[in-house]
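Colleague: Take a look at this one; I'll ask things after.
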Amino acid sequence: MIISGAISINRCFRRVAVVIVLALKMRELSHRVTYSCSRCFEVMRRFLLLYATQQGQAKAIAEEISEKAVAYGFSADLHCISESHKYDLKTETAPLVVVVSTTGNGDLPDTARKFAKAIQDKTLPGDFFAHLWYGLLGVDCILCTYCTVAAGCLGDSEYTYFCNGGKIIDKRFQELGAQRFYDTGHADDCVGLELVVEPWINGLWAALAKHFLLCRRKEEMSGTLTMASNASQRTDPVTPELLHIESQVGLLRLDDSRQKDAEVLEQNAVNRGQSNTSIADFEPSLTRSIPPLSQASLNIPALPPEYLQVHLEESFGQEESRAPVTSVDPVFHVPISKAVQLTMNDAIKTTLLIELDISKTDFSYQPGDAFNVICPNSDSEVQHLLQRLQLTDRREHCVILNIKADTKKKGAALPQHIPEKCSLQFLLTWCLEIRAVPKKAFLRALVDHTDDGVEKRRLQELCSRQGAADYNRFVRDSRACLLDLLLAFPSCQPPLGLLLEHLPKLQPRPYSCASSSLFHPGKLHFIFNIVEFWSDTTAVAVRKGVCTGWLATLVESILQPNTHASRADDEKVLAPEISISPRATNFFHLPNDPSVPIIMVGPGTGIAPFIGFLQHREKLQEHHPDGHFGAMWLFFGCRHKARDYLFRDAPVGEEEAPAKYVQDNIQRHSKQVARVLLQENGHVYVCGDAKNMAKDVNDVLVEIISKEVGVEKLEAMKTLATLKEEKRYLQDIW
């Protein structure tokens, strides 16, 4: 105990010394800043911050940059890239920072389309942006694969159009003469956005400081800066000394947190001593760490400022908005006219086909299109969350939101995805992605609402730089959600407002159209696997995908077995309805000229768009029997022919294939494939898994071209790249 006391006293003396030194430096700095031109200092430190977002990720990252900027002496002028009336890049002299997400099949977000169209103007001169210095972060975000098996989900650095939204703007900036003051970053949600985002943001401040300093020196050398004769009006550039003092402030704050961490560690040691169990006997888990992490001093993120004030008010029979809140338009409410199970009951995955009746709507589509299904969260998960938050008896209360008067969040605004006069039950069911994996900023916010010291320390570890591996393993990779965390850390009792600040908007799920409107007038088909995955965060359990689980339950009363037989009229039941919306037109379509041959590759549910392709060409041939139609090659597959052979009635010409994978089957027909692509100006379409199948198919196409044409592999890769540029090699992968 005496030694422990001595250590505490010495630590105290050291901290006092740091405070004294820091105070002296800050006094000196204050003197220098006081005698500088405050107006010039502000201008030199301002930067323009734009974001282009589809699902909110890019916006959240931009807001994080904006909030952190103040601590480093910068001022971020934050705007959505669509708000062109609030900024002007033609005259902008401050450095520009842009955060751009990617959506669809490598497309720019809807908010960036007008901006992209403007800068793509071919009449713009090559030096149009020569005055502009910028740094860009591309963000490739995904809808989790356990929530949807639909087309259009991105987020893999091996994906052909990875971070393509950011790359489009980055490339055009370069073409127009803009210069980078900071290297472009590409963040991949498949492996963890934070792996790129956090280092990129951390490096941004030094890059900005260097840029301002170089600009200042350039002005001084060119003689454009007028020096005042009075020393009190002298303007000094931001010096390394200033950056050093700012870092000292950060270190002092860190020392405070480390002192608290040390106290928690001592409590952990006491708890372990009481259990008479060595920590070496433990395996790490969501709630428990082992050395060296459990004994490490932690670098934890800054606490995000709270900005929402929530009040629950009894509704007293007030009418509530029951329509799901979406940012898409228009929305169609359509009945499900048929549901068929395509797989046998003993298949590894259960695949369903759903037919929608769109005959009484203006909804239109063509083969290769995708559409959105607007779905709710699981009712049982909503009820469990209400119970854990001790809000079950208030679930029908009306949610009233206001901005906190004393919030420190810059540009705080009410979430647009939360409607007025909605109940708490509706809010958690239709508006918030309660299954979302919590970001580190969310974990950091939960720390301050956790009473137990051991639990608090573990949450600190999971959001810290030192705990990145544990965060990936026990939160991200384990698909932990808010409910998992609240069950794992019983003393954590966050206010409702905090959840509304950090839970993202519940996104609609995209699906590929699996039919042709010529073949099925007034109908729309789509197929999906009922996604199931193990949740081993707090208790071993099987969860279903948010949308696929909901759809499966919805069609139970009308589901037909793996047969084409229809229900008898007396067995008909009321058809359930769902809400859908069209997705932006993509380029995964049949060639306009039906004489062009095509190759289609789609194992498993990747076959969906190609069913529409085949149906469409079949009907065109019926309508034009004398027309010339190109060959159609379909490479598909299943795990077990007797269990999960989707769309059993295959087209004429089907052959038994001993090959294990689709790429093996493509290899067996290498001469025909090469002829279609290189001699007949054909198209190749790939739909399905991005990580393995799409990459393997790409590799085998390179091999085929190399072998059949007799060129080196590098030359074959260039040929494939040309096909992609010509939109003759198209991928719809997730």
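The values are calculated or read from the model by the stated rules, or taken from the named source; none is laboratory data. Predicted model, so just to flag it, every value in this text is computed and none were measured. Neighbour counts run over all protein chains shown; Cβ positions are idealised from the backbone, glycine included. These accessible areas exclude ligands, DNA and RNA; they are computed on the full protein's heavy atoms, side chains included. Shrake-Rupley method; radii C 1.70, N 1.55, O 1.52, S 1.80 Å.
So that you can scan it fast, the table gives a plain yes or no per residue for (1) closer than 17 Å to Lys59 by Cα; (2) free of Cβ contacts under 8 Å to residues at least 60 places away in the same chain; (3) over 26 Å from the mean Cα position of the chain (by Cα):
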residue	(1), (2), (3)
Ser84	yes, yes, no
Asp88	no, yes, yes
Val98	yes, no, no
Thr103	yes, no, no
Gly106	no, yes, no
Ala116	no, yes, no
Gly135	yes, no, no
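Colleague: Between residues in region 206-227 that are within 11 Å of Arg45 (Cα to Cα) and residues that are at pLDDT 75 or above and among the charged types (D, E, K, R), which pairs lie under 8 Å by C-beta distance while being six or more apart or on different chains?
Modeller: Hits for this filter: Phe212/Arg45.
Colleague: Tell me, yes or no, whether region 452-461 has at least one residue that is within 21 Å of Gln54 (Cα to Cα) and in contact with a Ser or Thr (Cβ under 6 Å, 6 or more places away or on another chain).
Modeller: No, that holds for no residue.
Colleague: Hey, can you tell me all the residues within region 52-81 that are part of a loop (DSSP other than H, G, I, E, B) and either open to solvent by 60 Å² or more (accessible area, probe 1.4 Å) or on the phi > 0 side of the Ramachandran plot (or both)?
Modeller: Within region 52-81, Gln54, Gln55, Gly56, Gly73 meet the criteria.
Colleague: Show the residue pairs meeting these rules: Cβ distance below 9 Å; 6+ apart or different chains; first residue within region 654-665 and of a type in the set (Gly, Ala, Ser); second residue at pLDDT below 90.
Modeller: Ala657/Gly637; Ala659/Gly637
Colleague: Filter region 460-481 down to residues that are among the polar types (S, T, N, Q) and touching a Leu at 6+ places or on another chain (Cβ under 8 Å) and give me whichever is farthest from His384 (Cα to Cα).
Modeller: Ranking the qualifying residues of region 460-481, first place goes to Gln466.
Per-residue answers, yes or no, for (1) buried (at least 17 other Cβ atoms within 10 Å of the Cβ); (2) without any contact (Cβ under 8 Å) to a residue 40 or more places away in the chain; (3) not β-branched (Val, Ile, Thr); (4) not in a loop (DSSP other than H, G, I, E, B):
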site	(1), (2), (3), (4)
Ser364	no, no, yes, no
Phe371	yes, no, yes, yes
Gln383	no, yes, yes, yes
Arg458	yes, no, yes, yes
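Colleague: Of the residues in region 460-471, how many are open to solvent by less than 10 Å² (accessible area, probe 1.4 Å) and closer than 16 Å to Pro292 by Cβ?
Modeller: So the count comes out to 5.
Colleague: Still on this structure: If a residue has to be assigned to a loop (DSSP other than H, G, I, E, B) and modelled with pLDDT of 90 or more to count, how many in region 82-138 make the cut?
Modeller: 24
Colleague: For region 389-404, name all the residues that are within 13 Å of Gln425 (Cα to Cα), among the basic types (Lys, Arg) and part of a loop (DSSP other than H, G, I, E, B).
Modeller: Residue satisfying the conditions is Arg395 alone.
Colleague: Considering only residues that are touching a residue at least 40 places away in the same chain (Cβ under 8 Å) and of a type in the set (D, E, K, R), which ones fall in region 603-647?
Modeller: Correct list: Glu618, Lys619, Arg639, Arg643, Asp644.
Colleague: Tell me, which helices (runs of 4 or more DSSP H) lie completely within region 615-734 with 2 or more residues that are open to solvent by 30 Å² or more (accessible area, probe 1.4 Å), more than 24 Å from Val340 (Cβ to Cβ) and not aliphatic (A, V, I, L, M)?
Modeller: Helices (runs of 4 or more DSSP H) meeting the threshold: 662-668, 670-678, 695-709, 713-725.
Colleague: Conditions: (1) part of a helix (DSSP H, G or I); (2) open to solvent by 10 Å² or more (accessible area, probe 1.4 Å). Val437 meets all but one. Number of the miss?
Modeller: (1)
Colleague: Name the residues in region 337-361 that are surrounded by fewer than 18 Cβ atoms within 10 Å (Cβ to Cβ) and at pLDDT 95 or above, would you?
Modeller: Ser337, Asp357, Ser359, Lys360, Thr361
Colleague: While we're looking at this one, here's another question. Tally the residues that are touching a strand residue (DSSP E or B) at 6+ places or on another chain (Cβ under 9 Å), open to solvent by 10 Å² or more (accessible area, probe 1.4 Å) and within 22 Å of Gly56 (Cα to Cα), restricting the search to region 478-494.
Modeller: 1
Colleague: Does Asp696 qualify as being over 24 Å from Pro594 (Cα atoms) and modelled with pLDDT of 90 or more?
Modeller: It is true that Asp696 is over 24 Å from Pro594 (Cα atoms) and modelled with pLDDT of 90 or more.
Colleague: Same structure, new question: Any residue in region 548-557 that is open to solvent by 10 Å² or more (accessible area, probe 1.4 Å), over 30 Å from Glu455 (Cα atoms) and acidic (Asp, Glu)?
Modeller: Yes, region 548-557 has at least one match.
Colleague: Out of the residues in region 495-526 meeting the condition of being part of a strand (DSSP E or B) and either touching an Asp or Glu at 6+ places or on another chain (Cβ under 8 Å) or among the hydroxyl-bearing types (Ser, Thr, Tyr) (or both), tell me which one is most open to solvent (accessible area, probe 1.4 Å).
Modeller: Lys523
Colleague: Continuing with the same structure: Anything in region 172-212 that is hydrophobic (A, V, I, L, M, F, W, C) and either modelled with pLDDT under 90 or assigned to a strand (DSSP E or B) (or both)? List them, or say none.
Modeller: Within region 172-212, Ala187, Cys190, Val191, Leu193, Leu195, Val196, Val197 qualify.
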